[in-house]
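A single structure is presented below for examination.
The values are calculated or read from the model by the stated rules, or taken from the named source; none is laboratory data. Bear in mind the structure is a predicted one, so any value in this text is a computation, not a measurement. So basically every Cβ, Gly included, is an ideal-geometry build from the backbone, and we count neighbours across all protein chains shown. Accessible surface areas use protein heavy atoms only, side chains included; no ligands, DNA or RNA. Shrake-Rupley method; radii C 1.70, N 1.55, O 1.52, S 1.80 Å.
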Amino acid sequence: MAPPFNPFRIDWNTCTFGQWDALLSRCKRPTLLQSWQYSLALAKIEGWKADFGIINFEDKPVGLVQVQTRRWLPFLTTCRIYRGPLWIYDQIPGEMLKLVLGMIRQRYHLFRGRPLIFHPEMPDTEVARRQLSVTGFYRRQEGYESVWLDLTPDVAQLRAGLDRKWRNKLGQAERNGLILEADTSGCALDWLMEPYLEDKMARKYRGPSPAFLRVLQQLSSDTTPPVVLRALHDGHPIAGVLLVRHGVAATYQVGWNGVAGRELKAHHFLLWQSVLWLKENRYTGFDLGGINDTTPGIAQFKIGMGGQPFRLVGGYV
């Protein structure tokens, strides 16, 4: 019996950086973990290599998926997908999505010596869980949570969308005489990494290593390098944030606030200035980074910016 017709095809490892980046820029909600530069940084720091898949429908590209791979034995290669596939258009219909999930399942499977850890960029709904289940995936972890801020409204609308208390603290920060400094050269990144590492070790939270972020800066320097925004008071930096750009969006990756920064509400100032900087540079989405129940204050702060909280469907094998 002939197999059922499948209008989808995934072309593996046939694209250039320019082609991948152009497709990523066409995705409505691109993710950092599916960017080309992120994969190169992982390869250099952790030894993961990437498979780049262009998803075609009737010979037209409609999406992409990046798979990280690491060979342990001649017959065993661990594989993982984080926050993909991504789609150029709106989410494809359920029955068609199952065809793509089935193709990924067929290529990356324990029985083929390529076990897969799969954290798809799909909302945590019963429909999504069922789609993954019927295509041979088994849920093992809860989904990633974050906040997505749509930057397409005008500045007045975005400011009006801030939580009232958040907006009041922003007003206080603006009256405190803070000065913004934006840097893409990497100099301010070196400054930020020292307090970031100290804070990370003291509070024992997970996050990318300074070495990884420095490599990401180097690999992106000729295209869209990470942006460090610093708040200066009396000529001295008192707080900083790191934004990593990918496609038409950016992710809030690192933040640090000193004692003076907390007193002067510098973080409110910097996150709002991040919105203005991204809009000025024609970015349309801002991923505010992870939230969870163990740090409710951070979650409340990010949600207060008026974005849409979301939770992904989870981790599958």
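Quick one: Asn56 ticks every box in (1) buried (at least 18 other Cβ atoms within 10 Å of the Cβ); (2) assigned to a strand (DSSP E or B); (3) not small (Gly, Ala, Ser) except a single one, so which number is it?
(1)
Keeping to the range 281-313, report how many residues are assigned to a loop (DSSP other than H, G, I, E, B), in contact (Cβ under 8 Å) with a residue 40 or more places away in the chain, out of contact with any helix residue (DSSP H, G or I) (no Cβ under 8 Å at 6 or more places or on another chain) and not polar (S, T, N, Q).
Adding up the residues that qualify gives 2.
Would you be able to say whether some residue in the range 60-69 is in contact with a strand residue (DSSP E or B) (Cβ under 9 Å, 6 or more places away or on another chain) and open to solvent by 60 Å² or more (accessible area, probe 1.4 Å)?
Checked the range 60-69: no residue is in contact with a strand residue (DSSP E or B) (Cβ under 9 Å, 6 or more places away or on another chain) and open to solvent by 60 Å² or more (accessible area, probe 1.4 Å).
For the range 131-172, give me each residue that is small (Gly, Ala, Ser), closer than 17 Å to Ile291 by Cα and out of contact with any Ser or Thr (no Cβ under 9 Å at 6 or more places or on another chain).
Residue satisfying the conditions is Gly143 alone.
From the list Ser25, Ser39, which one is hydroxyl-bearing (Ser, Thr, Tyr), in contact (Cβ under 8 Å) with a residue 60 or more places away in the chain, within 25 Å of Leu213 (Cα to Cα) and outside any loop (DSSP other than H, G, I, E, B)?
Ser25
Being open to solvent by less than 20 Å² (accessible area, probe 1.4 Å), closer than 18 Å to Val155 by Cβ and either of a type in the set (S, T, N, Q) or within 14 Å of the chain's Cα centre (by Cα) (or both) is the filter here, so list the residues in the range 277-302 that pass it.
Gly285, Phe286, Leu288
Here is a list of conditions, (1) out of contact with any strand residue (DSSP E or B) (no Cβ under 7 Å at 6 or more places or on another chain); (2) crowded, with 16+ Cβ neighbours inside 10 Å; (3) more than 27 Å from Arg26 (Cβ to Cβ), and Gln131 meets all of them except one; can you say which number that is?
(3)
Results for (1) within 15 Å of the chain's Cα centre (by Cα); (2) under 29 Å from Asn176 (Cβ atoms), shown as yes or no for each residue.
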site	(1), (2)
Lys204	no, no
Leu229	no, yes
Gly235	no, yes
Ala239	no, yes
His246	yes, no
